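Student: What follows is a single structure, and I will ask about it in a moment.
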Amino acid sequence: MGLPVDDRAIGGGRSPFRFNKVSQVTTMQMNGNTILITGGTSGIGRGLAEAFHKLGNKVIVAGRRRALLDEISTSNPGIDAIELDIADADDIVRVATRLTRAYPALNVLINNAGIMPFDDAGGAIDDAVSRAIVDTNLLGPIRLTSALIEHLKKQPRATIVHNTSVLAYLPLATTAVYSATKAALHSYAMSQRFMLRDTSVSVQEIAPPWVDTDLIRKSGDPRAMPLDIFVEKTMAGLATDAVEVIVDEIRPIRDNPGSGEHALFNAFNLDLVANPIPV
Ligand SMILES: NC(=O)c1ccc[n+]([C@@H]2O[C@H](COP(=O)([O-])OP(=O)(O)OC[C@H]3O[C@@H](n4cnc5c(N)ncnc54)[C@H](OP(=O)(O)O)[C@@H]3O)[C@@H](O)[C@H]2O)c1
């Protein structure tokens, strides 16, 4: 299908699009915020929660596992915790209402919760699993952001962070639905950033590489980035005006070039067939 643009779109300097400057991200202050982090019970979410807590932010972690929520609050006095099933639309509304009442200064939302079941796009896809992935990874952040957006707009400075993945840019064929949700979340974040361009709310994206967490199975595989290094690099990136916080190690994948993407995609996936991710 052709794009609804004429050939001036590809002629140097004669594009029909006018590249007016759009205000992008206002740099997040790294302290003094009230921050909600979904998926804060483990891995990247917990790492970011503890890092922001140490910098003097009020941090609230959300997740389903009550015992882990209690443990993180006990180990980090001052971090609050709330039960939330991000795949449940009613639960999102209930929790968002409670949070905005309890924390009127809530000004940062980090949409981090996610699941990554493997699948086989070359065979029958389990509908229940696919729905769970879409509800958790895509509709969850959309619904939670929607429930909090008017509250965030009232704050003098607010930030929404979406945790996508390097796989948003280069699908892992054995996690087809997961990769698709992350590509969709990247797309959604772009639109949301544009729509919020004249408000106090900035939108940033974190696109992690393979990080050694329990998302798949914490294995110490040398190809995975250790969590502490990832958190340190990501905190540094969030402190800038980068719309996408991407560690240098995967910059070439993020910059995966247009029609050349198929060669890179095939090489990437064939390498993982030969050297599988430990599951
Ligand atoms: N690790 C990587 O290699 C990697 C790479 C790229 C992107 N990411 C992204 O990073 C994010 C965090 O993953 P991680 O690596 O830190 O894995 P993780 O340790 O397994 O953490 C996943 C978190 O999501 C929460 N979660 C899952 N389903 C939920 C639900 N229905 N409701 C509420 N919370 C839910 C879990 O909490 P509960 O179980 O307590 O609910 C847990 O805290 C994910 O979005 C993932 O896609 C990770």
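A short reminder: the numbers here are calculations on the coordinates, not readings from a lab. Quick caveat, the model's predicted, so the values are computed rather than measured. Methodologically, a virtual Cβ is constructed for each residue, glycine included, from the backbone with ideal geometry; neighbour enumeration extends over all protein chains shown.
Student: Amide H neighbours of F118 under 5 Å, counting only residues 5+ apart in sequence or on other chains, H built in-plane at 1.01 Å?
Tutor: HN-HN under 5 Å from F118: empty list.
Student: Hey, rough spin-label estimate for V279 and L55, points 7 angstrom out along Cα→Cβ, what's it come to in nanometres?
Tutor: For V279 paired with L55, the spin-label model returns 3.6 nm.
Student: When we measure straight from the Cα of K54, which aspartates and glutamates land under 16 angstrom away, once same-chain ones fewer than 8 places off are left out?
Tutor: Excluding near neighbours in sequence, the set is D80, D228, E232.
Student: Counting other beta carbons within 10 Å of each residue's own, what order do F265, F230 fall into, fewest first?
Tutor: Working: F265 17, F230 24.
So the residues, fewest neighbours to most, are F265, F230.
Student: Which order do F194, F52, F118 fall in if you start with the one that has the fewest other Cβ atoms within 10 Å? Intermediate results must be reported in sequence, preceding the final value.
Tutor: Numbers: F194 11, F52 23, F118 14.
Taking fewest neighbouring Cβ atoms as first place, the list is F194, F118, F52.
Student: Find which of V243, L167, G47 sits farthest along the positive direction of the dipole of the chain, computed with +1 on the beta-carbon of Lys and Arg, -1 on that of Asp and Glu, about the Cα centre.
Tutor: Highest projection toward the positive end goes to V243.
Student: Next question. Quick check: net charge around N269, other residues with Cβ under 15 Å of its Cβ, Lys/Arg +1 and Asp/Glu -1? Please report the intermediate quantities before stating the final value.
Tutor: Details: positive: R223; negative: D119, D120, E261, D271.
Overall, the nearby charge balance is -3.
Student: Related question: Roughly what would the spin-label model give for E261 and E71, points 7 Å off Cα along C-beta, in nm?
Tutor: 3.8
Student: Also: Compute the whole-percent fraction of alpha carbon pairs in region 24-274 spaced more than 31 Å apart.
Tutor: On the way: 6158 of 31375 pairs.
Value for region 24-274 (Cα pairs over 31 Å): 20 percent.
Student: Then there's this: Scan around A113 for amide H atoms under 5 Å from its own, H built in the peptide plane at 1.01 Å from N, and keep only partners 5 or more places away or cross-chain.
Tutor: Correct list: T38, G39.
Student: Related question: Only helices at least 27 Å long along their own axis, judged from Cα atoms, and with Kyte-Doolittle mean hydropathy of -1.0 or greater: name those in the chain from DSSP H. Write down the numbers at each step before the final one.
Tutor: Values: long enough: 176-195 (29 Å, 0.14).
Those that pass (Cα extent of 27 Å or more, hydropathy at least -1.0) are 176-195.
Student: What is the gain in length, in nm to one decimal, between T26 and E249 on full extension, counting 0.36 nm per residue of separation less the C-alpha to C-alpha distance? The partial results should precede the final answer.
Tutor: Values: separation 223, 0.36 × 223 = 80.28 nm, distance 2.51 nm.
Extra length available between T26 and E249 comes to 77.8 nm.
Student: What residues have an amide H closer than 5 Å to that of N33, excluding those fewer than 5 places away on the same chain, when H is modeled at 1.01 Å from N in the peptide plane?
Tutor: K58
Student: Still on this model: For a footprinting-style exposure proxy, rank L48, L99, L55 by other Cβ within 10 Å, fewest first.
Tutor: Numbers: L48 26, L99 23, L55 15.
Neighbour counts put them in this order, fewest first: L55, L99, L48.
Student: For V201, what is the net charge nearby, where nearby means another residue's Cβ is under 12 Å from its Cβ and Lys, Arg count +1, Asp, Glu -1? Mind dumping the intermediate values first?
Tutor: On the way: positive: K153, K154, R157, R193, R197; negative: E150, D198.
Local charge sum for V201: +3.
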